[in-house]
Each structure stands twice: as C-alpha cells, then as structure tokens.
Amino acid sequence: MAAEAEMMEASGPAIDPMHQFTLKPLFGEGPIHWYTPTNATLWMGIAVLGVIALLVLGTRRRAIVPSHTQSVAELAYGFVYQMVKDVAGKEGVKYFPYIMTLFIFIVFANFLGLIPLSFSVTSQIAVTVMLALLVFVSVTLLGFYKHGLKFLGLFWVTQAPLALRPILAIIEVISYFVRPVSHSIRLAGNVMAGHAVIEVFASFAASALIAPIALVGIVAMFGMDVLVAFIQAYVFTILTCVYLKDALHPSH
Amino acid sequence: MTTPTTEAAGHAAEGMAEAAGHAAESAGGMPQLDFSTYPNQFFWLAVALVLIYLILSRVALPRIEAVLSERQGTITGDLAAAEELKQKAVEAEEAYNKALADARAEANRIVAETRAEIQAELDEAIARADAEIAAKSAESEQAIAEIRASSEKAIKDVARDVAKAIVASFGVKADARAITAAVTQRMKG
Amino acid sequence: MEGSIVEMGKLIGAGLATIGMGGAAIGVGSIVGNYLAGALRNPAAAASQTAMLFIGIAFAEAFGIFSFLVALLLMFAL
C-alpha cells in the first residue's frame, strides 16, 4: 500500500491544480457536516455582502444624478431587465427578481473567485448543479402549471413531417433533460478550467528558465478569466431566460 | 489508483495504510466530486440564494426601479417644462411683435391725425387770412373808389369852374347847365 | 508496474481528450466569424443578435468544456 502511494507520488503529476477547489471547514478540522461553515460558506457570504454593498448601500441615496456605485447597480438592473424582456418576452418580466438573483450571485461568485487565494464557489459542481436544477425544475413546473399537458407540445414539432415527429420528439426530450447537465457543467467547467490553467502556469513559474513565459501566460489567462467570469454569468442567465421562454410559450 | 479503492484499502488496513489513503485522497482527485460535501454546499447555497432573493425583492429592486422611474419622470417633466418655456418664449415674441405692430400703427395714426389737424388749422388760418385779405382789399378798394369819386367830383368842379372862367373870359355868359353837360360828356370820354 | 501502465493510459487519454477543445475552438471561431460577416453586411440588425451570438458561443464552448472535464476526470478522478 505504502509503496503504491509512494510510487504514485513519484510518477503522478508534481502539481495538483485541483487542490485549490478543496472544501475546508473554516474553524478547526473535522468532517464537513451539512451545517459546517466552510471556505465555500465564507465566500458565498462575501458574495452576499457584495450584493448588499452594490445594490443596497450603493443606491441608498436614491440620487437622480447617480454616483458611480449607483450607476453600476442601475446598469446591472437595466442589463438583466432588458435581457429578460427581450428573450422571455413581457410575461417573463414577472420572474425578473429570480433571474436577477441568479445573475448577481454568479457574477459576484465568479469575480470574487478571481481574487488570488480566494475560493471560487462557482467552480463547485455541487453549486452549479443546484443552480441549474433550480432553473430546470422551476421552469418545468411553471410550464406544466401554465399550459397543463399542452406543455408537452414543446417536444412535438408540428412543422416536421408526421413520420419524423416521434424521432424528433425523442431527440427533443433527450435534449430537454440534458439541459441542466450542460447548463451546470458549462459554468463550473469554465471557471474550473480557468483557475486550473492559471495554477498550471504558476507551477511552471517555479523554474527560473520559463518563469517569464509562465508569468505572461498567467496574465493572459487571468485576462481571459475576467472575460469568462462575466460571459459565463451572462450565458447562464440568458439560457435561463431561453428556458423560461420555452415554458411560457411551449409551441414551436 | 481510484480514490474509492485507496479509501477502501485505507479502511481495510491499519495505521500507516490509512494515513496513506488520506494522503492520496487529499493530494489527488477532484474535490468537486467529493459527494460528502454536497449537503453542506446545497445548504449554504440555498441560504445565500434566499438571502440575495430577499434583499433584491424587498429592498434593492424596488428602490432601483423607483429611482429609474423617478429619473424618467424628472426627465419627462423637465422636457415638458422646457417645451412650455419655449412655447412661452414664442408667445412672448408674438406679443412683442404684435405690440410693435400696434405701436407702429398707433404712431402712423397719430402722425396722420396730427397732419390732418395741422392741415385743418393751416386751412383755417389760410382761409382766415384770405378773408382778412379780401376784407382789407375791399376796404382799400372802397377807399380808392371814394377817393376816385371825390377826386372825380373835384376834377369836375375844377373843370366846370375852369370852363366857366374860360368861357367868361371870352365875354360870353356861359350857361351853367351846358357847361356841366359838356364837362360830364368830356370826362366820360 | 501495472499501476504505471494505467497511469500512462490515463494521461494519454487525457491528452487525447483535449483534442475536443480544438473542435470547440473551431466551432466558436465559425460562429463569431459568421456573426461578424453577417453584422458587416447588415450592421443595423447586428445589435439585436448579440444574445444569439452568446448563446451559440455558449453551446459550442460547452462541448469543449466537456472534453476538458473528461481530461480532468481521467487525470485526477479515475
């Protein structure tokens, strides 16, 4: 056993880019129960505080001519509101607070995760799976609640020839149930990939010979990650809007 | 080298083997796939999301919406006020132009009136002067006529006296009536 | 010895899996290129289609991320 472990140590990768995603209890050691505050809890809490700072404290003066923080808050509001209205239609505006909650949480989690030595909440598949399942379940229930069994018309492509429709229906059903998978893996995968690649470059920097290249690589990847942090939040939100639109208007 | 295998091995063996298993667990593997942490993350994520949702729906979103609509209202109000002011300016300009036109017309009217008045006064004065002149000239004509008449009479007297004297110097007693007739006839010619 | 062969197979598999990311790159490039071509032809309609652009990028990129995930799973999880 020990020999095998040693051998793995020797032959396995010298760097461990995944170590940064490990959950640790905030206080002391020990097993992680469902209530144990961990580093993930800490950074979720910081994200909540960030949301409060931006959207509540930033707008507390209710100025007609906004301050910088208030402009950003209004920008975020207008951005998501416009997205919901454009993609999900006027009926979707009713669900704007839920979508805004998702968007603002993901944005804050993504950008807080970019701070060195921080913990990236959205790199955890558990987190993104729960977000995606939340969207998937609520959207499906909403579709059935709004349209009853007619919601199943989403899978019955009436424009296609009759013979093709059952096959298309199977494909549609599969693609419908793959949605939460791709929805969650996309976000977690992007964030995780960015962080892992940065760490790989950082481990290269230990060798003086390629350290400059590694540093340039880190900077480039970090810039890319800043972009990805926003785009993935945007994509997650806009896909939520698309799914919401499907639930509101299931006919093809 | 699977994590479950090492874990199982760690549980099965004693002491050092267990430590090695833990070391392998913490060194390799994807922490994201450690399902033992999932309940914890689900719980805290739910807490965070509910908190954010409450903050957004109770405080932040209504406030931002109010600010945005207030700003929209202010902008609309300001635009309306500007439009009103512009309208007022146009009205003021119109009033100014009208006043100017009125004043000009009034001035023209006054000028015409004054001119007519002066003309009338002038005419009156001319008429009066004409009348005066006419009266004066009539007076003087009368005076001249009187003078002429008196001078004619005087001439006639003188001529008659002279004729009577001439005739008397010829030694003829002249008829006074004939001489008068002759003188009158002569003076008529 | 058996372990190292398994290790080697995993690393080779992870390397092969990363080829999938190249496919995602081709897909994203194709999407953005076509978007740009269309946008230059009809700039007025471009702004309304940025949402579709990002959705398309997200879908194309998701599969690259999947292959990256497969590589990660091979290297660290299995």
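The values are calculated or read from the model by the stated rules, or taken from the named source; none is laboratory data. Owing to the predicted nature of the structure, the values given are computational and were not obtained by experimental measurement. As a convention, Cβ positions derive from the backbone with ideal geometry for all residues, glycine included, and neighbour counts pool all protein chains shown. Side chains are part of the model used for accessible areas, which takes the heavy atoms of the whole protein and leaves out ligands, DNA and RNA. Shrake-Rupley method; radii C 1.70, N 1.55, O 1.52, S 1.80 Å.
What pairs can you find where one residue is in the stretch A:190-212 and more than 11 Å from chain C (Cβ to nearest Cβ) and exposed (fewer than 13 other Cβ atoms within 10 Å of the Cβ), the other is modelled with pLDDT under 90 and not in a helix (DSSP H, G or I), and their Cβ atoms are less than 8 Å apart, with a gap of 6+ or different chains?
Note: pairs meeting the criteria are A:A211/A:A205.
Quick check: is even one residue across the stretch A:182-196 part of a helix (DSSP H, G or I), closer than 26 Å to C:Q49 by Cα and touching a Gly at 6+ places or on another chain (Cβ under 6 Å)?
Among the residues of the stretch A:182-196, not one is part of a helix (DSSP H, G or I), closer than 26 Å to C:Q49 by Cα and touching a Gly at 6+ places or on another chain (Cβ under 6 Å), which makes the answer no.
Restricting to the stretch A:166-189, and then to whatever is more than 14 Å from chain C (Cβ to nearest Cβ) and closer than 30 Å to A:I231 by Cα, can you tell me which residue is most open to solvent (accessible area, probe 1.4 Å)?
Out of the qualifying residues, it is A:F177.
Pairs, please: C-beta under 7 Å, at least 6 apart or cross-chain, first residue part of a helix (DSSP H, G or I) and in the stretch C:60-73, second at pLDDT 85 or above and acidic (D, E)?
That search, which allows pairs on different chains as well, returns nothing.
Being touching a Ser or Thr at 6+ places or on another chain (Cβ under 9 Å) and more than 30 Å from A:T59 (Cβ to Cβ), is that true of even one residue in the stretch B:116-123?
Taking the stretch B:116-123 first, the residues touching a Ser or Thr at 6+ places or on another chain (Cβ under 9 Å) are none.
There is no residue in the stretch B:116-123 that is touching a Ser or Thr at 6+ places or on another chain (Cβ under 9 Å) and more than 30 Å from A:T59 (Cβ to Cβ).
For the subset of the stretch A:18-46 comprising residues that are touching a strand residue (DSSP E or B) at 6+ places or on another chain (Cβ under 7 Å) and not in a loop (DSSP other than H, G, I, E, B), which member is nearest to the other protein chains (Cβ to nearest Cβ)?
A:T38
If you go through the stretch C:38-45 one residue at a time, do you hit one that is among the basic types (K, R) and within 21 Å of the chain's Cα centre (by Cα)?
No, the stretch C:38-45 has no match at all.
If you go through the stretch C:1-33, how many residues are without any contact (Cβ under 8 Å) to a residue 24 or more places away in the chain, within 11 Å of chain A (Cβ to nearest Cβ) and of a type outside the set (A, V, I, L, M, F, W, C)?
Adding up the residues that qualify gives 4.
Here is a yes/no grid of residues against (1) facing another protein chain (nearest Cβ under 7 Å); (2) surrounded by fewer than 12 Cβ atoms within 10 Å (Cβ to Cβ); (3) modelled with pLDDT under 90:
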position: B:P31; (1), (2), (3): yes, no, yes
position: B:S36; (1), (2), (3): yes, yes, yes
position: B:W44; (1), (2), (3): yes, no, no
position: B:V47; (1), (2), (3): no, no, no
position: B:I52; (1), (2), (3): yes, no, no
position: B:S57; (1), (2), (3): yes, no, no
position: B:A80; (1), (2), (3): no, yes, no
position: B:E83; (1), (2), (3): no, yes, no
position: B:A92; (1), (2), (3): no, yes, no
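Looking at (1) more than 9 Å from chain A (Cβ to nearest Cβ); (2) closer than 25 Å to A:A229 by Cα; (3) modelled with pLDDT under 85, which one does C:L72 not meet, given that it meets all the others?
So the condition that C:L72 fails would be (1).
Which one of C:V28, C:V70 is surrounded by 13 or more Cβ atoms within 10 Å (Cβ to Cβ) and closer than 20 Å to A:L239 by Cβ?
C:V28
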